[in-house]
Amino acid sequence: MTSIYARSLIASILLCISLACASIPAQDKTSITDNINPQPARTRKLDTPLYTGSRGAIIFILNQAADPNNRGTSEKIMRLFAENSVPLEVAVSPLNRDKTQVDFSYLASYVDAGIIDVSLDGRGFDSLNLWLLEGTTTKSPLYSDLVSSIKNSLNLLKTSLGYMPATCIMSAEDYNQSNYGALQEAGLKIVALNYFAGLKPLLQPVNWQGSRDENGLCRFPITGDVSYDGKQQNIPAISYDDKSLLVSIQQSLQDFGAAVIEIQPAAIAGQDNNADPVKLTQLAKLVKSCQGVGEITTFQSWYRYATGWLVQVPAVSQRTMPKYNGGPAIIFRLDDVSKGWHEDVDIEIIKMFERNGVPLDLGVVAFASGGPTYELPWDKAYADKVVVGISVHGYDWTPCQLVIAQSGSTYTEVRSRLARASGLYSMYYGFNPVAFTVPTDFYDEGGYRAVADAGFKIFATHFSIEPHPSAESVDYFGRPDPRGMCRIPTAEDVCSWVSDQDVSQEELYGDEIPETVVSCNQTNFVGGHWGDVINISQPASIPDYCKYYEAWDEAMVYNDFSTSLCSTLHRIGVAAVSLHPDEFIDKDGKTDMVKLASIEPIIKWCSGIGTITTYEAWYKYTYPAR
């Protein structure tokens, strides 16, 4: 049954069309280089619904809607989407082969009703011979002509439809650095084409090389197209072809967080060139099925959602790093930094490190209590002074949030949340955090990929459950992968943990660290409390203890803290030490300054065996070209 919302939309369309038909302009025959559309610019009346980001984005593109032979079928497809209360993307090439203007004015009514958004169909440039060959330089007249043609086409669409499209659909054959640069220079924000591995990273603004660039293009993969053979007469359920397409859509959502499906009007039309009712029914079933696995949206709606956090210009463009010149690196990370959570203790801990002339890395929780708990003015002031580094310590405090199999979230949802957190931190602090410090430590393959695909370069969890510590970029299984992350484990905390139950490490995690760390359940979170600061007086009294720690351990000079730290440094050259603000609370709920002072020997000893730095400083020094 057609919803009230859909019926009202259809009524508004019919009204807009009836009013517009009398004034549809005749086709303009002027050249692309001339004033091809002299009528005054219009403004669209209603935007398509805003993408919410709660699920992966599914975008249907209707092609060749400006072809007069396809108008009847195209309009029925657009109304079908309106009846299902979802928007549709329409790709338009505004120029004919002779560079005269195409008449697509009828689309304005659907734009005004908030049913469609329009993108530039760059495949129409093929017939105009405008796309550049690989290697064409920006100084070439051909390059200037392409940029001018793209701008003129976009302006024509804006004048006729009331807004400036942000997306270009193009063929993979025309995808090269010269054309990519022209799209950027013309002001486009999104490019969509058939997927291949070289498109990564996806759904974030990048330059041709794939590096983050606020003026770059967000790349979208085209997953497939609607293809009907017209033989089905009775359609009790979704067709075989659509089941196969739906599998591809689900896979694309899982892998990339988005799926793009093309619709050719000819695939919906019957032999008489009019829309085939059977095929329309089949398309409607596909749309409903897609509503069950993702959020149907448009490029423009996705970009309006993303521009609030993904492509904003950071508050600070230049950043000085804490001093680090190579060698063993030790990172002290203060976890659980969050607005309203022992902020006074956080500040006292920072002052302790500042007095000792070394930086501290803050693991800041993005939305611990639902609101933006990363917005801490004192924290930002210390970051500006380069006293602290900033890492993301989880999107919120949800246990097991990176164990996709058990968390109730999808890869797409986790990746989207973390990318949003990274973008918001960039706007607030003035730089993108490179490290993600895992809250509650547990994760699985989907969670690991979500962190990497959100743009983080360092993955930091606890030594006890990190099977593949590495100073190189690796995938979930520890294999070298430039799209993976460096895995820098936390060797130990400065305080001991006193469990309420006598549970061994083996009982918690098994005899060996599992390859897939998914054992995230209630037994992993044994109740207890923080104990005293670790006493390192014995190993600290031994010259070069860290160099020969294995021999000293055999001589019964064993210490969990020093052994874990030294073994991690020996293995990968960098290790972390954690602190938590609630470790330093006295019985009155105030900062325990005596206990806090007792970590100073640990700071001094670590300063003697390596350089105390931050994740960001270590990464920027180790990988200056990334």
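The values are calculated or read from the model by the stated rules, or taken from the named source; none is laboratory data. Computed from a predicted model, the values in this text were never measured in an experiment. Cβ: placed from backbone, ideal geometry, glycine included. Neighbour counts: every protein chain shown. Ligands, DNA and RNA are excluded from the accessible area calculation, which covers all protein heavy atoms including side chains. Shrake-Rupley method; radii C 1.70, N 1.55, O 1.52, S 1.80 Å.
Kirkwood radius and radius of gyration were both taken over the C-alpha atoms of the range 379-495, and their ratio Rg/Rh is 0.96. Other residues with beta-carbon under 12 Å from the beta-carbon of Gly187 carry, at +1 per Lys or Arg and -1 per Asp or Glu, a net charge of +2. In order along the range 247-256, the Karplus-derived 3J(HN,Hα) couplings, from 6.51 cos²θ - 1.76 cosθ + 1.60 at θ = phi - 60°, round to 4, 5, 5, 4, 5, 5, 4, 5, 7, 10 Hz, and Gly and Pro are given as x. Note on the range 325-365: Kirkwood radius taken over Cα pairs, Stokes-Einstein applied at 20 °C and 1.002 mPa s, translational D equal to 191 µm² s⁻¹. Each of Glu550 and Ser127 was given a label point 7 Å from its Cα along the Cα-to-Cβ line. The distance between the two points is 7.2 nm. Pairwise alpha-carbon distances in the range 105-150 exceed 14 Å for 60% of all pairs.
The stretch between Asp588 and Ser85, if pulled fully straight at 0.36 nm per residue, gains 175.4 nm over its current Cα-Cα span.
With the alpha-carbon atoms of the range 46-183 aligned to their principal axes, the span from lowest to highest coordinate is 48, 37, 24 Å, starting with the largest.
Name the residue farthest towards the positive end of the dipole of the range 94-218 from the options Asn129, Thr159, Val206, assuming +1 on Cβ of Lys and Arg, -1 on Cβ of Asp and Glu, about the Cα centre. Comparing the listed Cα positions along the dipole, Val206 ranks first.
For Thr43, Thr622, Thr591, Thr167, the ranking by accessible surface with the largest value first comes to Thr43, Thr622, Thr591, Thr167, using a 1.4 Å probe. A crude spin-label estimate for the pair Lys151 and Lys139, with each label 7 Å from Cα along the Cβ direction, gives 2.1 nm. Taking all protein chains together and a 1.4 Å probe, the residues Glu600, Glu413 rank Glu600, Glu413 from largest to smallest accessible area. In this structure, the pairs whose alpha-carbon distance is over 19 Å, taken from Lys76/Lys151; Lys243/Lys279; Lys323/Lys385; Lys76/Lys288, are Lys76/Lys151. One quarter of the convex hull surface built on the alpha carbon atoms of the range 247-398 amounts to 14.5 nm², the projected area averaged over directions.
Go ahead and run the numbers for FRET between Met164 and Trp341, Cβ-Cβ distance against an R0 of 56 Å, rounding to 0.05. So the FRET efficiency works out to roughly 0.80. When nucleic acids and ligands are ignored and a 1.4 Å probe is applied, Asp592 ends up with an accessible area of around 40 Å².
Looking at the range 394-503, which trypsin sites (Lys or Arg not before Pro) are DSSP coil and have at most 14 other C-beta atoms within 10 Å of their C-beta? Passing both the DSSP loop test and the Cβ count: Arg483. In this simple spin-label approximation, Asn273 and Glu600 carry label points 7 Å from Cα along the Cα→Cβ vector, and these lie 8.9 nm apart.
Per-residue SASA remark: Thr611, around 50 Å² accessible (1.4 Å probe; ligands, DNA and RNA not included). To one decimal place, what orientation-averaged projected area in nm² is obtained for the convex hull of the Cα set of the range 78-121? Mean projected area of the Cα convex hull: 3.1 nm².
Within the range 414-502, the chymotrypsin sites (Phe, Trp or Tyr not before Pro) that combine a DSSP coil assignment with at most 16 other C-beta atoms in a 10 angstrom radius are Phe477.
The range 173-213 and the range 367-442 have their alpha-carbon centroids 27 Å apart.
Phi angles of the range 404-413 translate, via the Karplus equation with coefficients 6.51, -1.76, 1.60 and θ = phi - 60°, into HN-Hα couplings of 4, 5, 10, 7, x, 9, 9, 3, 4, 5 Hz per residue; Gly and Pro are given as x.
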